[in-house]
Amino acid sequence: MAPHALRYLITLTVLTGQFFVQAYAVQPLSKIQELAGKNVNLSALVVDLSNGRVLAEFNPDKRLTPASVTKLYIDAAALTHWGPNHRFKTPLLTNGKIKDGILSGHLMLQGSGDPGLNTEKLWTLVMRLRQMGIDRVDGNLIVNDSLFGPVECDTDDRCDALRASDSGYDAPISAAGSNFSTVEISVRPAKQIGQPAQLSLLPPALDFPLEGSISTASPRNRPLYGIRRTTDDGEDTLHAYGKVPRNGGPYHVYRSVSDPARHTGDLMAALMKESGIKFTGQVYVDSNPVPKGYVKIADTQSDTLSAQLGSLMSYSNNYMSDLLTMDIAAEKLPSSRFTLPQAAKVLEEFANHINAKSPPWLKAHNESATPLTLESGSGLSITNKLSARDLVALLNHMHNDYSLFPAFVGSLPVPRHATSRMLRRSGNTDWKTRLTVKTGYLSEPVSVFALSGYFRLKSGGWGAFAFLSNGTKKRRSVSTRHSLGALREDLQAIMAKY
């Protein structure tokens, strides 16, 4: 059937023994069809979940690279696996004894795979030590990441970041990582033009080499600065350059670290120093099971899973997505050692199971030539392949799970309040207020733009949609503005009607 042709869905209703037939015409997606004619690979599907009918479609079964829209699957899988109120607990262990304020023995931080472990949670553990009267630790601080051990880099971005990085999105994964495996640098302009800006770490006691400087410029200047992390022989160094206006800032910069478990240990050692606890040992990372003789003396727990997922989806956090994927796999796979693509098979099985359970009106008409593929929960893997129908099937599945739907839909940003300016500033009132969505972008090897989520029907019910746009060999790069513009116009027309 041609994508532009009208297809009719027949609804049979039994009323006092009579059959009534109502025909629903599938809406044309004229702007999406127009974009497809310009050497762009597209897949789109819009449905009415309340009545179980297709409102519009274009190549709905064509599987393309979905980028960060993949995160809808880890969002749903995590809620299904643990429930919205689940909290990760990170324990602090010791094999020593406490006497006269001195802990004689080692401390061990046991990584639990908490995607939200941060400075505040580690500070809580340090305060627990202070509550116990400890003001000195005669032993080492061991960070244990044995939940699934060291994780090999799985994408070009993450592999390149082991040597150098000027961003935070390429952070490596660890069951004992903290602050999304990044270090925070604060940049404060000096009072005098020409003087170097003040650069500081959080916490200030953190021993992290920092080279170069950022100068303070006239208030008329725009901030033009950078901080790059390089790694040599396992040691990370930050390199600062550029300038910031005198009346600007403070600016907060986040850069990925090369060894997340070790960084967590260094961070906790710095917090112990800040609190007045003297630490005489060294920081080590151990990927073996916790040995006998260690007992728990404190722990800290994460925010609820639903709260963490709201942050994950709003900021499209790659670290949290892939760590949650590893966490689920750690509980489901027999081996304690696996790669991220191997772990992501639990998501692939989840997705295929949902497709198999889809209602007849949502089933694919023909088997896709490209198999559904998920090799990461974040969408950084260009090998991920999903169709608009796959995504809508997931949205339908979660919509029908009354115990999880409030947490799931609540984790998705509404355009008017999204962190993305592109979503906030475009579209009419329907677009800004009746949608709750997840976006996805990639630039290599071809451009990718994807958008999927729910919309409220005028009746008060729910609709769902998915849209994927990929560049082609003839047209590698397709601007996000063009892809978003086509979807926005077609979807606004549908919302105006429904």
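The values are calculated or read from the model by the stated rules, or taken from the named source; none is laboratory data. Because the structure is predicted, anything quoted here is derived from the model rather than measured. Glycine also receives a Cβ, built like all others from the backbone with ideal geometry; neighbour counts cover every protein chain displayed. Only protein heavy atoms, including side chains, enter the accessible area calculation; ligands, DNA and RNA are left aside. Shrake-Rupley method; radii C 1.70, N 1.55, O 1.52, S 1.80 Å.
Numbers for the structure displayed
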quantity	calculated
Cα coordinate range in segment 385-424, projected on the principal axes (Å, largest first)	30, 28, 12
³J(HN,Hα) computed for each position of segment 257-273 - Karplus, 6.51 cos²θ - 1.76 cosθ + 1.60, integer Hz, glycine/proline x	9, 8, 10, x, 5, 4, 5, 4, x, 4, 5, 5, 4, 5, 5, 4, 5
Segment 420-477: relative contact order as a whole-number percent, Cα under 8 Å and 6+ apart	27 percent
Distance histogram for the chain (every C-alpha pair counted, 10 angstrom bins, percent rounded to whole numbers)	4, 18, 25, 23, 16, 9, 4, 1, 0
Note, ³J(HN,Hα) from phi for segment 451-465, Karplus 6.51, -1.76, 1.60, rounded to Hz, x at Gly and Pro	8, 8, x, 10, 9, 7, 7, 4, 6, x, x, 10, x, 9, 8
Accessible surface of TRP123 - all protein chains present, 1.4 Å probe, nearest 10 Å²	90 Å²
Exposure rule at most 16 other beta-carbon atoms within 10 Å, DSSP loop GluC sites (Glu not before Pro): the chain longest free segment	153-366
Binned Cα-Cα distance frequencies in segment 15-137 - 10 Å width, integer %	9, 20, 18, 14, 14, 10, 10, 4, 1
Mean separation of Cα contacts under 8 Å (6+ apart) over length of segment 400-452, as relative contact order %	27 percent
Coil-residue chymotrypsin sites (Phe, Trp or Tyr not before Pro) of segment 329-414, DSSP, other Cβ within 10 Å capped at 12	TYR402
Surface accessible to a 1.4 Å probe, VAL446 within the full protein complex, Å²	40 Å²
Qualifying trypsin sites (Lys or Arg not before Pro) for segment 34-139 [loop in DSSP, other Cβ within 10 Å: at most 16]	LYS38, ARG87
With Cα atoms, 0 to 90° folded angle of helix 318-332 axis to the chain main axis	90 degrees
Mean Cα-pair separation over length for the chain, i.e. relative contact order, pairs under 8 Å, 6 or more apart, %	22 percent
Fraction of accessible area attributable to carbon and sulfur, the chain (%, probe 1.4 Å)	49 percent
Value of [θ]222 nm, deg cm²/dmol, for the chain, DSSP H segments ≥ 4, -39500 (n - 2.57) each, nearest 500	-8500 deg cm²/dmol
Charged-residue dipole, Cβ positions (Lys, Arg, Asp, Glu), the chain about Cα centre, Debye nearest 20	1780 debye
Cleavage-rule hits (trypsin sites (Lys or Arg not before Pro)) in segment 198-288: DSSP loop, at most 16 neighbouring Cβ within 10 angstrom	ARG220
Local net charge near HIS263, Cβ-Cβ under 13 Å (Lys/Arg +1, Asp/Glu -1)	-4
Tilt relative to the chain, helix 388-399 - C-alpha long axis, 0 to 90 degrees, to 10	80 degrees
In sequence order, calculated HN-Hα J values of segment 203-214 (Karplus, 6.51, -1.76, 1.60; Hz; x Gly/Pro)	x, x, 6, 5, 8, 9, x, 10, 10, x, 7, 10
Among beta bridges that DSSP assigns inside segment 439-498, antiparallel share in %, nearest 5	100 percent
